[in-house]
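Q: Supplied in structure tokens, the structure appears directly below.
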Amino acid sequence: MSDDTDSDDGTNRRHDRVRVHATPGSGNSLSHWTSARNPLQVAINYLVIWLVRISPSLRLKRWLMRRIGVRVGDGVSWGLEATPDVFWPELITVEDRAIVGYDATILCHEFLQDEYRTGEVVVGERAMIGAGAIVLPGVEIGADARVAANSLVTRDVAPGETVAGVPARQMGGDSSGATE
């Protein structure tokens, strides 16, 4: 399959799940972020996320993330310096016993020139996201899937699949590196 598709029928499910929001007025969408989100709520989210990033306590991390709307399952391990989306943390679901590695980032928004996009991210049960990986809005990572360190996840990862690279591609396919 090509980089732009992630299903047998040639559609990109991630893009189907991402909502597009027009930017009012002139300037790029980031310059209008205060029209999209309450600045006080973003400031609170930022402070909570800062604590999540530096706390060594997994129990405290789970408790704090739930306070800002992240759906966090039992036994989730959230690595030091890992960052949930500061603008739309309520669009993140991390299911039971998943691992989010050191300095990984889960994004639920993309600020572009004339629009911004938002999309839910779901990390399945017992899935693992490696250190430094970035997950884009609208991506679903299946149960027991693995994302290698420093990968950029631009499309769904099937349950049990291992992906790596920029953009992340399935590991273990044929020797040409093509995905199945």
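Q: Could we say that VAL76 is farther than 15 Å from ARG146 by Cα and among the aliphatic types (A, V, I, L, M) here?
A: no
Q: Moving on to the next point. Here are ALA22, ALA36: which of them is among the aliphatic types (A, V, I, L, M), in contact with a strand residue (DSSP E or B) (Cβ under 6 Å, 6 or more places away or on another chain) and open to solvent by 20 Å² or more (accessible area, probe 1.4 Å)?
A: ALA22
Q: Could you please find all residues in the stretch 132-146 being closer than 28 Å to TRP33 by Cβ and either open to solvent by less than 10 Å² (accessible area, probe 1.4 Å) or among the small types (Gly, Ala, Ser) (or both)?
A: Hits for the stretch 132-146 are GLY132, ALA133, VAL135, PRO137, GLY138, VAL139, ILE141.
Q: Yes or no: ALA82 at pLDDT 95 or above, open to solvent by 30 Å² or more (accessible area, probe 1.4 Å) and more than 19 Å from ARG14 (Cβ to Cβ)?
A: Answer is no for this residue.
Q: So, in the stretch 101-128, exactly how many residues are within 10 Å of the chain's Cα centre (by Cα), open to solvent by less than 10 Å² (accessible area, probe 1.4 Å) and without any contact (Cβ under 8 Å) to a residue 60 or more places away in the chain?
A: Total meeting the criteria: 5.
Q: Okay, moving on. Within the stretch 149-175, restricting attention to residues that are of a type in the set (A, V, I, L, M), more than 14 Å from the chain's Cα centre (by Cα) and open to solvent by less than 40 Å² (accessible area, probe 1.4 Å), which residue is farthest from ALA98 (Cα to Cα)?
A: Result: ALA164.
Q: Where the second residue is modelled with pLDDT under 80 and the first is within 14 Å of ARG117 (Cα to Cα) and lies in the stretch 1-24, which pairs have Cβ atoms under 9 Å and are six or more apart or on separate chains?
A: ARG14/ASP6; HIS15/ASP4
Q: Kindly check whether there is at least one residue in the stretch 46-66 that is at pLDDT 90 or above, outside any helix (DSSP H, G or I), under 27 Å from VAL100 (Cα atoms) and of a type in the set (A, V, I, L, M).
A: No, the stretch 46-66 contains no residue that is at pLDDT 90 or above, outside any helix (DSSP H, G or I), under 27 Å from VAL100 (Cα atoms) and of a type in the set (A, V, I, L, M).
The values are calculated or read from the model by the stated rules, or taken from the named source; none is laboratory data. Keep in mind it's a predicted model, so treat the numbers as computed, not measured. Quick reminder, even Gly has a Cβ in these numbers, built from the backbone with ideal geometry, and neighbours come from all protein chains shown. Note: areas computed on protein heavy atoms with side chains; ligands, DNA, RNA excluded. Shrake-Rupley method; radii C 1.70, N 1.55, O 1.52, S 1.80 Å.
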